[in-house]
1. Is at least one residue of the range B:133-145 in contact with a strand residue (DSSP E or B) (Cβ under 8 Å, 6 or more places away or on another chain), within 23 Å of residue B:194 (Cβ to Cβ) and within 13 Å of chain A (Cβ to nearest Cβ)?
2. Could you figure out which of (1) open to solvent by 20 Å² or more (accessible area, probe 1.4 Å); (2) away from chain A (no Cβ under 12 Å) isn't true of residue B:163?
3. Within the range A:54-139, which helices (runs of 4 or more DSSP H) (wholly inside it) include 3 or more residues that are among the small types (Gly, Ala, Ser)?
4. Just checking, how many residues over the range B:3-36 are in contact with a strand residue (DSSP E or B) (Cβ under 8 Å, 6 or more places away or on another chain), among the β-branched types (Val, Ile, Thr) and more than 19 Å from residue B:49 (Cβ to Cβ)?
5. Where in the range A:149-253 are there helices (runs of 4 or more DSSP H), lying wholly inside it, with at least 3 residues that are touching a Leu at 6+ places or on another chain (Cβ under 9 Å), more than 14 Å from chain B (Cβ to nearest Cβ) and under 20 Å from residue A:65 (Cβ atoms)?
6. So if I check each of B:109, B:102, B:94, which one is under 25 Å from residue B:190 (Cα atoms), within 13 Å of another protein chain (Cβ to nearest Cβ) and hydroxyl-bearing (Ser, Thr, Tyr)?
7. For residues in the range B:169-197 being among the β-branched types (Val, Ile, Thr) and more than 14 Å from residue B:159 (Cβ to Cβ), which is modelled with the lowest pLDDT?
Amino acid sequence: MDALKKRRLSLMKRLVTLILIIIILWASSAGSEVSISSLIDGLPGMGSLFLEMLPPDWSYFSYVTDPMLETIRMAIIGTTYGAIIAIPFALLSSRNVVKWPVIYYPFRFVMNLIRTIPELLLAALFVPVLGIGDNAGIMALSVFSFGVIAKLAYEAVEAIDNGPLEAMTAVGANKIQWIFYGVVPQVIASFVSYTLYCFEINVRAAAILGYVGAGGIGLYLNNTLKLFQYQRVSTIIIYTLIVVVIIDMISNKCREKLI
Amino acid sequence: MIEFKDVSKVYPNGTKGLNNVNIKINKGEFVVIVGLSGAGKSTLLRSINRLHEITSGEIIIDGKSITKARGKALLRCRRDIGMIFQNFNLVKRSTVLRNVLSGRVGYHSTIRTILGLFPKEDITIALNALKRVNLEEKAYSRADELSGGQQQRVSIARALAQEAKIILADEPVASLDPLTTKQVMDDLKRINKETGITTIVNLHFVDLARQYATRIVGVRAGEIVFDGSVEDATDDVFSSIYGRPVKQDEMLGAKV
Ligand SMILES: Nc1ncnc2c1ncn2[C@@H]1O[C@H](COP(=O)(O)OP(=O)(O)OP(=O)(O)O)[C@@H](O)[C@H]1O
Ligand SMILES: [Mg+2]
């Protein structure tokens, strides 16, 4: 009797959840004026665009190799800077490393605040300051990577085994030795893994930052689109896809090795 | 020599961990502390190297007050006290050698230790420490590749590498099976005999306490209720420490 009641209740709960999801979806699509019918109306247009993109302009490959390399370089430098700044923040935000709330709360706050800013917005903010070009892109990616890596690393630090920390206190280690012998070896593998993961995201992000003038291949994508050079557009898209897939493959291999 | 002078400890929630404890432990003794769960054994042991701060009184080690030590002086005091934990507390992802070497950090500058630049003598000291617990061939294995008993012996090696004058062991065999228990206890006892290192061990097996101790200290509700030789620690004494007759499962022999 009781079991039946419980099952009925949980069924009700699921039904209500489903209805809620449908309402939210409907309301938000109405709000942003997205409709299935306009998507269907657009289909023929998409088809003809697709045809215009074929065949890709193969000669354009060598021409965009330099901006492609610049894109990767931006991602590498941005990830590296972000990861380096993330280290002290991750440590200073962790309750098990810093015992005082007056320190770890402010650091967490800054970290969480920065995390909420999307990379494209960051780039748009840095372009007026640093001028058009890859410097703005690198800064945007650094700040963005910092947010991602610091948050993930801080969670990893808070989850470590307390035992080795206690042992390091007992051997008479000072605070820095305590961190390097108790904390670091427990989180280093996760940290490197998060950094690689962030790098994968950054390669994708770097490819579109050019849209707001922050360097990389995005600028070329934007220009060719404006000039209706769809065969060159498809070259850029294919090139980006290949690069992303290769980088993901290498990065994944590295991350597997870390575990 | 370790000397407790009117030591009391009250936890923030009001629990009395230690209540006016006075005891002297001489160099080279092998003291086993016994008592029920919650009696205050860990509190007693951990107040010696100040992993727990005491509320009042003073603890003197070799004539110096660790209670009053601050900053570097406290680190120096701790360096001379090795600690062995129930859960070994090794860094599982690091090599055995690095775990043992971590006992040496108190001897060198911060910069040198964080770069891992230990002098050759330190490597020798660490390898010798491993040799004494028969684990030198495991020096370059990752700590988590070792069995529980082996990991505990690595933690003994860490205390040896520290060149500690005192070893504190808080239930060192509680998570080990009877056979490895014997190995670990034998190692502690042998090292105590060979080097005269003062050893204090919390145990909850009555027969183990009798077998290894030179002196037994009984704790109940934060107070020392017995302090004497193994011969004096009769079944009746244990019953009075525990406040009830000794149970079968408090004998390791019963588990073998
Ligand atoms: N951090 C703490 N906060 C509050 N009370 C504590 C704390 N640690 C220990 N106590 C209390 O202090 C008393 C002594 O604890 P202690 O850990 O020293 O006992 P023990 O003899 O080591 O027991 P066990 O055999 O279970 O390890 C217990 O009543 C315990 O509940
Ligand atoms: Mg205990």
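The values are calculated or read from the model by the stated rules, or taken from the named source; none is laboratory data. Every value quoted in this text rests on a predicted model; they were computed, and no experiment measured them. Every residue, glycine as well, gets a Cβ built from its backbone with ideal geometry; the counts of neighbours run over all protein chains shown. When the accessible area is computed, the model is the full protein with side chains, heavy atoms only, and any ligands, DNA or RNA have been set aside. Shrake-Rupley method; radii C 1.70, N 1.55, O 1.52, S 1.80 Å.
1. Within the range B:133-145, none of the residues are in contact with a strand residue (DSSP E or B) (Cβ under 8 Å, 6 or more places away or on another chain), within 23 Å of residue B:194 (Cβ to Cβ) and within 13 Å of chain A (Cβ to nearest Cβ).
2. The number of the failed condition is (2).
3. Because the criterion is at least 3 residues that are among the small types (Gly, Ala, Ser), the helices (runs of 4 or more DSSP H) in the range A:54-139 that meet it are A:65-92.
4. 2
5. A:184-209
6. One residue alone meets the criteria, B:102.
7. Checking each candidate, the answer is B:180.
Residue-wise test of (1) surrounded by fewer than 14 Cβ atoms within 10 Å (Cβ to Cβ); (2) more than 23 Å from residue A:209 (Cα to Cα).
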| residue | (1), (2) |
| --- | --- |
| A:29 | yes, yes |
| A:66 | yes, no |
| A:80 | no, no |
| A:96 | no, yes |
| A:108 | no, yes |
| A:116 | yes, no |
| A:127 | no, no |
| A:133 | no, no |
